[in-house]
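Report on the structure given below.
The values are calculated or read from the model by the stated rules, or taken from the named source; none is laboratory data. Everything quoted here is computed from the prediction, not taken from an experiment. Every residue, glycine among them, receives a Cβ derived from its backbone with ideal geometry; neighbour counts consider all protein chains shown.
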């Protein structure tokens, strides 16, 4: 039996009402979406985020520890915080590295694509989604670098140089390799602890 979503997917010409970032925030203010709703706004639609299992959590903890230590005072490391990509997108990457602001930590407004140096997604059950719609979204908005931590393959896929809705440069880094952040020269972290 097909669910409603797959029925609509079979009819792409059926008009849909797509939400804007402002609509999305009004839903939160009105209590339609609560703090326990794990959703993000992608292409005007609410997308449920996959539950976080122990392997995903452990890899996220390791990556966070490495990023916070390596980046230090040169940028802001944000964990599972939204990035506003107007008009119809507000993804919540596992990590984003943000430019420093002279007047705070993005308290008055969420970061936008221009503020992002790197996005990292830890992917197990979400691999197809992270490498498909989300990677295209990040490229389309000019996010300069994306890391996809592919837990099944035990490697980090590094994408750079966005052009249109794709990245023109992509490499795979094995656990024995080292990760660098192109926008922050001199920073490198070992990949191994992410998979241990």
Taking interchain pairs and intrachain pairs at least six residues apart, which have beta carbon atoms under 7 angstrom, with the first residue in segment 28-56 and touching a residue at least 40 places away in the same chain (Cβ under 8 Å) and at positive phi and the second surrounded by 13 or more Cβ atoms within 10 Å (Cβ to Cβ) and assigned to a strand (DSSP E or B)?
-> 43/89
Being part of a strand (DSSP E or B) and touching a strand residue (DSSP E or B) at 6+ places or on another chain (Cβ under 8 Å) is the filter; apply it to segment 104-120 and report the residue that is surrounded by the fewest Cβ atoms within 10 Å (Cβ to Cβ).
-> 112
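Inside segment 20-60, can you point out the residues that are part of a helix (DSSP H, G or I) and touching a strand residue (DSSP E or B) at 6+ places or on another chain (Cβ under 8 Å)?
Listed by number, the residues that qualify are 21, 24, 56, 59, 60.
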May I ask you to list the residues in segment 121-158 that are at pLDDT 95 or above, surrounded by fewer than 23 Cβ atoms within 10 Å (Cβ to Cβ) and part of a loop (DSSP other than H, G, I, E, B)?
-> 141, 142, 144, 151, 152, 153, 154
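In segment 141-162, how many are closer than 22 Å to residue 192 by Cβ and in contact with a strand residue (DSSP E or B) (Cβ under 9 Å, 6 or more places away or on another chain)? Even if it seems obvious, please write down each step before you answer.
Restricting attention to segment 141-162, the residues satisfying the condition of being closer than 22 Å to residue 192 by Cβ are 145-160.
Narrowing the set further to residues that are in contact with a strand residue (DSSP E or B) (Cβ under 9 Å, 6 or more places away or on another chain) leaves 145-153, 155-160.
Summing the residues that are closer than 22 Å to residue 192 by Cβ and in contact with a strand residue (DSSP E or B) (Cβ under 9 Å, 6 or more places away or on another chain) in segment 141-162 gives 15.
Each row is one residue, and each column tells you yes or no for (1) within 25 Å of residue 142 (Cβ to Cβ); (2) in contact with a helix residue (DSSP H, G or I) (Cβ under 9 Å, 6 or more places away or on another chain); (3) surrounded by 12 or more Cβ atoms within 10 Å (Cβ to Cβ).
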site: 52; (1), (2), (3): no, yes, yes
site: 56; (1), (2), (3): no, no, yes
site: 59; (1), (2), (3): no, yes, yes
site: 62; (1), (2), (3): no, yes, yes
site: 72; (1), (2), (3): no, no, no
site: 75; (1), (2), (3): yes, no, yes
site: 95; (1), (2), (3): yes, yes, yes
Residues that are farther than 21 Å from residue 62 by Cβ, touching a helix residue (DSSP H, G or I) at 6+ places or on another chain (Cβ under 6 Å) and surrounded by fewer than 16 Cβ atoms within 10 Å (Cβ to Cβ), drawn from segment 159-183 | 165, 166
